[in-house]
1. Name the residues in the range B:1-11 that are of a type outside the set (A, V, I, L, M, F, W, C) and not in a loop (DSSP other than H, G, I, E, B), would you?
2. Pairs under 8 Å by beta carbon, first residue closer than 14 Å to residue A:53 by Cα in the range A:14-28, partner of a type in the set (D, E, K, R), six or more apart or different chains?
3. Just for the range A:264-284: of the residues that are within 9 Å of chain B (Cβ to nearest Cβ) and part of a helix (DSSP H, G or I), which one is nearest to residue A:232 (Cα to Cα)?
4. Scanning for something under 19 Å from residue A:29 (Cα atoms), touching a residue at least 24 places away in the same chain (Cβ under 8 Å), more than 15 Å from the chain's Cα centre (by Cα) and within 11 Å of another protein chain (Cβ to nearest Cβ), does the range B:237-251 turn up at least one residue?
5. Cβ contacts < 6 Å: first residue at pLDDT 95 or above, restricted to the range A:62-73; second residue assigned to a strand (DSSP E or B) and acidic (Asp, Glu), any location; separation 6+ or different chain. Result?
6. Among the residues of the range B:257-266, is there at least one that is without any contact (Cβ under 8 Å) to a residue 40 or more places away in the chain and over 21 Å from the mean Cα position of the chain (by Cα)?
7. Look at the range A:24-47 and say how many of its residues are more than 8 Å from chain B (Cβ to nearest Cβ), farther than 18 Å from residue A:238 by Cβ and either part of a loop (DSSP other than H, G, I, E, B) or over 18 Å from the mean Cα position of the chain (by Cα) (or both).
Amino acid sequence: MKFFKKGQIEKIVERLAEKADVFVPMLRGQQSGFFSWKSYDENYDDIIFDLLNVYSPPKNIILPQTEKMYSFDQQGQETIIKPEEIPVEPKVIFGIRSCDVKAIEYMDEVFLTRTFVDEYYKARRDQVAIVANACYNPGTNCFCKSMGVDHLNPEAADVILREVENGYVWESKTDKGDILTKQVEDLLEDQEVELYQPNRFVRKVNYDGVAEKLKDLFDHPMWERYSDPCQTCGICTYMCPTCYCFDVQVKNWGDEGYRFRCWDSCMYREYTLMAGGHNPREAAKERFRNRFLHKLQFFNERYGTPLCTGCGRCIVTCPAGVDIIRMIELIKEAEPSV
Amino acid sequence: MNYTEQIREIASRLLESGQVDMVMAWEKGAFDYQSLPYVARSREDIDKIIFDDYSVHNLSTSLLRYRDSNEKIAIVVKGCDSRGLIRLLEDNQISRDRLYIIGICCSGVLDPLQAMINNSGFSRAKETPGPAAKCATCIQPNPVIYDELIGEPQEARNPGERFEEVNEIENMTVQERREFFEDIFSRCIRCYACRQACVACDCRTCIFEETRPQWVGRETSISDNMMYHMVRSMHMAGRCIDCGECERVCPMGIPLMLINRKLIKEVDRLYGPYEAGMVYVEGQKPPFSVYDEKDPDDFI
C-alpha cells in the first residue's frame, strides 16, 4: 500500500501543482469551495480535507458558470468569427468526494454521449485528473449510498485517497493516476496500514420504483402542496453538483461582441419563457415539479440513473427547508390521482 | 418562544368557521433545528402547524403568490414580518380584508439554515448557532399590524448599533470601499435568492428578467454582478423593512443588509423621518412611490 502522513498533504499538492492547476477544498472567508492552489493564501484560506465537503460543488471547474464561446466582429458585409480558445492547462481536482465524482460521471453522460460531443466540455474534461477522497464518515444529510454511489470506490477517480490513522492511503486507478503517482512517488511510503470501517449513514431513502411511479403523478395535487415553501430561487440548482442546465447569451457593442454560455436554473421564470410571452412553468408548483421530475424520472429514462448523487447540499442550503429525501418518501407514499 | 398551541387554536377556529381558506405558519422539518413554511388548508392540517424558535422565515413574501386570487388567508407574522404586510398593502398587492393577521411579539429567532450547515459537516462550527444575525439589532419586535396578538410586547434590541457597520464603510477611502464591494460582489452566483426572499420585491416582471432590452447581463462577472446588486439595492430604497431575509438566505455570505441599511439611513435623512412599513395608513405611499416638487434634487 502506498501511504503518506497527514503532514505531507500540502507537499503532495505542491508537487502536483508543478505540472497542473490543482483545485483544493477550502474555506475562503464566507466562501466554501474548490479553489486553485495558485490562489491559496495561508493567512486567509483554510484547507478542509478533514471536513465532510465544501458548500459549492466542483462542477464549475469543468462547466464554468460563465464561459465565452466565440467573439464576432461585423466589418461591412463580412462577419469575422473568432472561436474562444480553451486553456489547455492540465487540472487536478484534489480531495473531491465520491458524490461529486459521480456527478462528473453524470455530466460526462450528458455532454459526451448519445451522439453529441460538447467540444467546450470535452476540452476541459480531458484535462482533468480526479484525486478522490473516499468517504468513511458520512454527514448528517448524506445519502449517496441510497442513490447508487459507492462512497468508498468512486468509479471515475484516477487516484483514490483513503483516510487512515495519521495519514492517507494513495491508490492509483488509471493511467492518469499512474502519472500523478510518479510525480509524488518520493513522498509516498510503502506500508501496510489498517483501513477504517466506514460509519453508517444517518439518512437513507429507497429510490426503487420512483422513476416509474412518477409517470402517473404529473397532475398530482402534492406538487402544489409541497412547493408551498419553495421561493423559486436558484440555490438548489446552483449548489447541486449534477445540475448542468445552461443558457446561451450574447453581449455586444455595436457590431462586435461575444457569445457565451452561463448556468441557468429551472427555478427561474426566464428558463421557460417563450418568445410570445407564454410561460408553461409560471409558478413555483410547475418549476418545483420539473426539478424533481428531471432528477428522479426524466434523467433516469434517458440515462438509467437518477440525477442525484445524495450529496445533501440542496437539503442543507435550501432557505425554505425543502428536503429531497422527504420528497422521495412522499412520492413513494402518494396515491396516484385518477 | 413556542406559540404552537395558541396558533393551532386560532387556526382551527378560523378554518372550521370558514373565516379563512388557509393559514400560513410553519411545520417541523427533519431536525429539531429545522422549521419550514407551511400552509394549512383544512382541519387535518392543523396538527402540523408549529411556531418555535426556528420560525425564522418572513412569510409575508409568500402572500404574493395569492395576489391574483380571492382566498382569505390567515398569516402568522413576527414584528419585522408584519412590516412586510404594510408594504404589500401600500403597494396594493393584497387587500386588508383578505387577511387575518396573527401577530407574534418576538423575542428573537434562531436560523435553521445556519444550524443545518453547522450540523452537516460543511463548517468548522459544530454547535448550533445562537440568535439569528438578523435579530441582533431589531427595532420592531412587536407586530405593527394584527388582528390577534400573541405574547408579551418585547423591547427593541440594540437599536443604537443598527448603523455601526454602515458607518465603518462610510469611513473608508473610496479605494478601500471599491475593493470591499468588489470582493463581496465577486462571490455572487446570481441565484437570486435575495430577491426571491424579499417582500419588497413585488414587481410582476423583475428588471433582471427583462429580455427586450436586457438591462443587466447574465454573466457572473464583476461588472454584471455589481450592476445586479446596485439595481437591487436602489430598488430597496424606502422599501426595505429590515427583516434580514436576503442576507440570511445568501449562500455566499454577501452582507446585503449592510447595503440595505445604508439606503434606510439615506432615505430617512433625505425624505424622513421615514422607516418603511411601520404604520399602515390607507392610501399612504412610501417616498419613492410619489413625486413631490420639494424632493431634493441637488445631486442631479
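The values are calculated or read from the model by the stated rules, or taken from the named source; none is laboratory data. Worth saying up front: this structure is predicted, and the values here are computed from it rather than measured. Counting neighbours? That spans all protein chains shown, and the Cβs are built from the backbone with ideal geometry, glycine included.
1. B:4, B:5, B:6, B:8, B:9
2. A:23/A:91; A:26/A:45; A:26/A:46; A:27/A:45; A:27/A:46; A:27/B:124; A:28/A:45; A:28/A:46
3. A:284
4. Yes - at least one qualifying residue is present in the range B:237-251.
5. Going by the 6 Å Cβ cut-off, the qualifying pairs are A:73/A:256.
6. No: zero hits.
7. The qualifying residues number 10.
So that you can scan it fast, the table gives a plain yes or no per residue for (1) surrounded by fewer than 19 Cβ atoms within 10 Å (Cβ to Cβ); (2) acidic (Asp, Glu); (3) at pLDDT 95 or above:
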position: B:37; (1), (2), (3): no, no, yes
position: B:47; (1), (2), (3): yes, yes, yes
position: B:52; (1), (2), (3): yes, yes, yes
position: B:81; (1), (2), (3): no, yes, yes
position: B:88; (1), (2), (3): no, no, yes
position: B:91; (1), (2), (3): yes, yes, no
position: B:119; (1), (2), (3): no, no, no
position: B:122; (1), (2), (3): no, no, no
position: B:132; (1), (2), (3): no, no, no
